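Written out below as structure tokens is the structure these notes cover.
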Amino acid sequence: MNPILSAIKKFFESKFNIYLVIALIIMGAFAFIFTSEPKISQDDGFSIIFFYLPACPHCTEQKPIFNELKEEMKDVNFYSYDASSKEGSALFYRLAAESGLDTSKLAVPTIFVEDHPLVGVHSKEQIKETIQECQEECIADLNHNVSSQEVKSSFKDFELP
């Protein structure tokens with residue numbers, strides 16, 4: 001008999017090993033099913049997302065500015081994520097790819113004003129200006145999409161052969 005098959009058969013002779021394998025499969029399934037990136041609600045309005053690393057000095061400089069804006073602008077949703085966490089890095093990568101950033105060279109601090117990334121430390125005024133530009137762009141897009149549809153064809157007389 002094949003030595004690998006005999007080793008597997010010998011391994012599963014013990015009830016403990018059988019239960020161990022079953023438990024590992026169940027835990028793996030739970031980890032796969034219930035672990036996902038954080039949800040950012042699009043229904044609640046405008047979103048600003050700040051990615052940082054805990055030991056980053058530039059992120060430490062940017063964080064108070066982000067928190068000031070969060071206190072001032074109550075009509076905007078502010079989120080912050082540690083880019084080194086599993087959930088934060090998955091969301092950071094996805095947003096970076098969607099906004100056209102080179103995902104092989106991601107850097108922190110990064111703030112996403114909707115789909116506009118601001119990489120590096122930015123002043124409160126720069127961030128506010130980007131927020132205002134994005135809000136105006138969103139309103140312009142809404143106005144552009146709301147238009148009537150016009151039918152450009154008409155019925156013609158057809159003869160059957």
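Computed from the coordinates by the stated procedures, all read-outs in this text should not be read as laboratory data. Being a predicted model, the structure only gives us computed values, none of them experimental. For neighbour counting, all protein chains shown are included, and Cβ atoms are generated from backbone atoms with ideal geometry for every residue, glycine included.
Some points to look at:
- Inter-probe distance in nm under a simple model that places probes 7 Å from Cα toward Cβ, at Leu20 and Lys124: 5.9 nm
- Computed over segment 47-143, the alpha-carbon pair-distance distribution with 10 angstrom bins reads 15, 50, 30, 4, 0, each value a whole percent.
- Cross-link table Lys74/Lys105; Lys86/Lys128; Lys105/Lys128; Lys63/Lys128; Lys74/Lys128, entries beyond 21 Å C-alpha to C-alpha: Lys74/Lys105; Lys86/Lys128; Lys105/Lys128
- Calculated FRET efficiency for the pair Ala29/Lys70, C-beta based, R₀ 35 Å, to 0.05: 0.40
- Each residue of segment 123-133 was assigned a 3J(HN,Hα) from its phi angle through the Karplus curve 6.51 cos²θ - 1.76 cosθ + 1.60 (θ = phi - 60°); the sequence is 6, 4, 5, 4, 5, 4, 4, 5, 4, 4, 4 Hz, with glycine and proline shown as x.
- Straightening the chain between Ser89 and Cys56 buys 10.4 nm, computed as 0.36 nm per residue apart minus the Cα-Cα spacing.
- Computed packing ranks the peptides 11-21, 60-70, 46-56 as 46-56, 60-70, 11-21, most packed first, by mean other Cβ atoms within 10 Å.
- Potential extension, Lys63-Phe46 segment - 0.36 nm per residue separation minus Cα distance: 4.2 nm
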